[in-house]
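The values are calculated or read from the model by the stated rules, or taken from the named source; none is laboratory data. Keep in mind that what you see is a predicted model, and the values were worked out from it rather than measured. For neighbour counting, all protein chains shown are included, and Cβ atoms are generated from backbone atoms with ideal geometry for every residue, glycine included. Surface areas here come from the heavy atoms of the whole protein model, side chains and all, with no ligands, DNA or RNA. Shrake-Rupley method; radii C 1.70, N 1.55, O 1.52, S 1.80 Å.
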Amino acid sequence: MIPKPGKADYSEPKAYRPISLLECCRKLLEKIVAKRFLADINSLQLLPPRQFGSRDYHSAVDAASVLVHTVESCLNARRVAAVLLFNIQGFFNNIHQGRAAQVLRNLGFPASVCDWVASFLWDRRVFLSFNKKESDPFDVNSGTPQGSPLSPILSALYTSPLLHKLQAWNNRDLSLYVDDGSIIATGPTYRSTAQAIASGFDTAWLKRNGLRAEPDKTELMSFAPKHPKPSPIYGTPITSLALRDPYRGTYTVRPQTTMRYLGIFLHHRLDWSHHAKIMAMRAQSVVRSLHILGNSVRGLNFANWQKVYHAIVLPVLAYGAPVWYTGVRQKKICQTLQIAQNDAIRRITGCFRTTPTEPLHSLISIPPIKYTLDQALDKIRNNYKDRDNRPSQTCRTNYLPFSLHAHMWTYMQQVSI
């Protein structure tokens, strides 16, 4: 049991994350199975494009980029947009083995594969270890073990029928990154957009799959086009939204001006200054904690400090750059990040606070943050072009589809897991 960081009350069970410690041979077998799942998913497009987790060529930044791009498109069309973020409570622990096997059958996997997955999720015996104390062993007949190489891809396949069914939605859309979901709706007024969000969040579709949304992690934000004068055409911004939950009943969510989505801080005006300030403070905190590795007299040399900066500090500063960085009218944002980078450079070189940073950039071969962001933006654009021009992804793997390995599955079923 690993405590989750930043929790207010560690007496609650949900403040801890159970990580399964598995045998090496078992993890090797599960890794082989996961690779074969990915081969069929990539070649046959078994996962909807709105599932951004547990698959190749998709990431949390891609999910946030799609969300922000959709909001910007609504605003450019002079329409109101609303985003509702939710989290599936206990997602990995509540995956039903029978339903997961049926989902695989509906996707066309062989019966031997479905039976093997059902056996993988059924009749597991575990015990808990925390603070050098162990519980008595007990049986678990649902959920996937967190820490297993097979759990992420199984969880993504488990929600695929949901995303396929919701492709028929109008004026709203649903995206998932494993267990983090976002519903975006658009309409001519605040009220119509809120109604579309509320009807889309009717979580009966979660209940049918044995899942539920966590009310404490549900957040709402509204976006409206900028208008030079107060205009009544969009109506009055909503102050609260009633949502229905089949387990808890009706509860109320209030719109936020800022909220966090997959590590990126959104603003209701799409102002990224708040995100830049938080990333800058985090980077400065990381630099202070790394100062114990050495200074100008002892410890790491410039070459190793450069590696530390690029591996630890820079990913914090530039996190989510494809989402928020455009290079246009973002001078203040770059200045905020540059101040944090200057602090890191001075600490690395051991110089005084008043030392100019221009020669220090050349000394340790770290360019200003604006050039780094421009380079990252160009790299992302080239990656998207290569992704569009890439041939069938089955060429990237040597793993053959399940249908060509039925004899292998007969052997796998005999292996005790």
When residues of the stretch 158-176 are limited to those that are buried (at least 21 other Cβ atoms within 10 Å of the Cβ) and not in a strand (DSSP E or B), the one farthest from the chain's Cα centre (by Cα): TYR158
Residues satisfying the stated conditions in the stretch 196-205, i.e. crowded, with 18+ Cβ neighbours inside 10 Å and assigned to a loop (DSSP other than H, G, I, E, B): PHE201, THR203
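Can ILE339 be described as open to solvent by 40 Å² or more (accessible area, probe 1.4 Å) and either without any contact (Cβ under 8 Å) to a residue 40 or more places away in the chain or on the phi < 0 side of the Ramachandran plot (or both)?
yes
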Close pairs from the stretch 7-31: first free of Cβ contacts under 8 Å to residues at least 60 places away in the same chain, partner open to solvent by 70 Å² or more (accessible area, probe 1.4 Å), Cβ under 6 Å, at least 6 apart: ALA15/LYS7
Among the residues listed as SER148, SER155, SER142, the single one being open to solvent by less than 10 Å² (accessible area, probe 1.4 Å), under 28 Å from TYR16 (Cα atoms) and assigned to a loop (DSSP other than H, G, I, E, B): SER148
When residues of the stretch 225-274 are limited to those that are hydrophobic (A, V, I, L, M, F, W, C) and in a loop (DSSP other than H, G, I, E, B), the one modelled with the lowest pLDDT: ILE238
Condition check for ARG208: touching an Asp or Glu at 6+ places or on another chain (Cβ under 9 Å) and surrounded by fewer than 18 Cβ atoms within 10 Å (Cβ to Cβ): no
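If you take the residues in the stretch 342-364 that are in a loop (DSSP other than H, G, I, E, B) and either closer than 17 Å to HIS310 by Cα or not basic (Lys, Arg) (or both), which one is most open to solvent (accessible area, probe 1.4 Å)?
Within the stretch 342-364, the subset in a loop (DSSP other than H, G, I, E, B) is 350-357.
Next cut, either closer than 17 Å to HIS310 by Cα or not basic (Lys, Arg) (or both) only: 350-352, 354-357.
Details: GLY350: 43, CYS351: 49, PHE352: 165, THR354: 124, THR355: 32, PRO356: 78, THR357: 17 Å².
Among those residues, the one meeting the criterion is PHE352.
Test VAL103 against the stated conditions and say whether it is β-branched (Val, Ile, Thr) and either modelled with pLDDT of 85 or more or under 30 Å from LYS226 (Cβ atoms) (or both).
Against the criterion (β-branched (Val, Ile, Thr) and either modelled with pLDDT of 85 or more or under 30 Å from LYS226 (Cβ atoms) (or both)), VAL103 qualifies.
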Yes/no for ARG50 being basic (Lys, Arg), surrounded by 15 or more Cβ atoms within 10 Å (Cβ to Cβ) and at pLDDT 90 or above: no
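Here's the yes/no breakdown for (1) out of contact with any helix residue (DSSP H, G or I) (no Cβ under 9 Å at 6 or more places or on another chain); (2) more than 26 Å from LYS226 (Cβ to Cβ); (3) open to solvent by 40 Å² or more (accessible area, probe 1.4 Å); (4) in a strand (DSSP E or B):
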| residue | (1), (2), (3), (4) |
| --- | --- |
| ALA276 | no, no, no, no |
| LEU290 | no, yes, no, no |
| VAL308 | no, yes, no, no |
| ALA311 | yes, yes, yes, no |
Matching residues, the stretch 177-195, being within 18 Å of LEU243 (Cβ to Cβ) and either open to solvent by less than 20 Å² (accessible area, probe 1.4 Å) or assigned to a strand (DSSP E or B) (or both): ASP180, GLY181, SER182, ILE183, ILE184, ALA185, GLY187, THR193, ALA194
Selection from the stretch 315-334 of residues that are exposed (fewer than 14 other Cβ atoms within 10 Å of the Cβ) and of a type in the set (S, T, N, Q): THR326
